[in-house]
1. Rolling a 1.4 Å sphere over the protein heavy atoms, what is the accessible area per residue of the range 1-44, to the nearest Å²?
2. Run lengths n ≥ 4 of DSSP H only: what is the helix-derived mean residue ellipticity at 222 nm for the chain, with -39500 (n - 2.57) per run over all residues, to the nearest 500?
3. With a cap of 12 neighbouring Cβ atoms within 10 Å, and only residues DSSP puts in a loop, list the GluC sites (Glu not before Pro) found in the range 129-237.
4. From the Cα gyration tensor of the range 30-76, with a ≥ b ≥ c the square roots of its eigenvalues, which class applies: rounded if a/c is under 1.5, or else prolate if a/b is larger than b/c, or else oblate?
5. Leaving out ligands, DNA and RNA, what percent of the accessible area of the chain is carbon and sulfur, probe 1.4 Å?
6. If you take the charge dipole of the chain about its Cα centre, with +1 on Lys and Arg Cβ and -1 on Asp and Glu Cβ, which of GLY2, VAL128, TRP171 is farthest toward its positive end?
7. For the full complex of protein chains and a 1.4 angstrom probe, list CYS36, CYS205 by accessible area with the highest value first.
8. Regarding the range 123-221, what's the average projected area of the Cα-atom convex hull, expressed in nm²?
Amino acid sequence: DGSPIEPSAAAALGAAAAAEGGRLHLVTDRAAIDACAELLASSDRLRLLTPRLYRDMMHELRWPGHDSLEFGIDVRTLEIEPAGLATFAIMRRPEVMDQLAAWDLGRSLGEATRGRVRSGSALAVVTVEDASPAAYVAGGQAVERLWLEATRLGLAVHPVSPAFLYALNAWDHSGLVGEEKAPELSDLSDRFRAAVGLGDGEHLCIVARLFRAEAPSVRSLRHPLEELFTKHFAPAR
């Protein structure tokens, strides 16, 4: 349900991000959403055709009956229709992605992102004013508070963050996708920032679509906090 977000809800979301030192850019204009959808789709295609980013993405996904579901993302929680899930299974094959990259094809790889962003009520972009570690910690807190407020308002939140979220400069772009593809990623970043209206000193923390939806059909598994911290973060004795 991509119905508009009420002004009072938009104000509450902005206040939630600001309470932790972040800033919310809420994109609600349909033309701007469509423009962002194209850029985010292109970023996803680039992510899937870049071996390092592809491996990172596929490492996060878990397939019931094949993988342990204790960690990572159960693919059922992505709420992909059966036909889309079948296509996704093909995308699991790295040799297919390598061939598409060699042929410079795969134009439809961002189609799912394009359609979903267009169907949403708004695009939420949270930023911070500098790139220091402390600022990014505050940005993470702003994202969490925004997400909780959206949930309170009955809004679903779906992260669609682009690959260039992790880059601050040309060196970072090359590190993510290689020198050959770095100009493409940099161009996508510049065009996205212009479409959203970001200032030169603003740094991305998350890009997410907001919409109204039914309850999820499958819930993500979560470890008890005491088990998580005991198993993974307890200091050596």
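The values are calculated or read from the model by the stated rules, or taken from the named source; none is laboratory data. Everything numeric in this text was worked out from a predicted model, so none of it was measured. Note that each Cβ is placed from the backbone with ideal geometry, even for glycine, and that neighbours are counted across all protein chains shown. These area figures cover heavy atoms from the full protein model, side chains too; ligands, DNA and RNA do not enter into them. Shrake-Rupley method; radii C 1.70, N 1.55, O 1.52, S 1.80 Å.
1. Normalised by residue count, the accessible surface of the range 1-44 is 44 Å².
2. Result for the chain, helices only: -16000 deg cm²/dmol.
3. In loop regions of the range 129-237 (DSSP not H, G, I, E or B), the sparsely surrounded GluC sites (Glu not before Pro) are GLU179, GLU180, GLU214.
4. Values: a/c = 4.24, a/b = 1.94, b/c = 2.18.
It comes out oblate by the Cα gyration axes.
5. Carbon and sulfur together cover 56 percent of it.
6. With unit charges placed on the Cβ atoms, the residue in question is GLY2.
7. CYS205, CYS36
8. Numbers: hull surface 31.3 nm².
Here the figure is 7.8 nm², rounded to one decimal.
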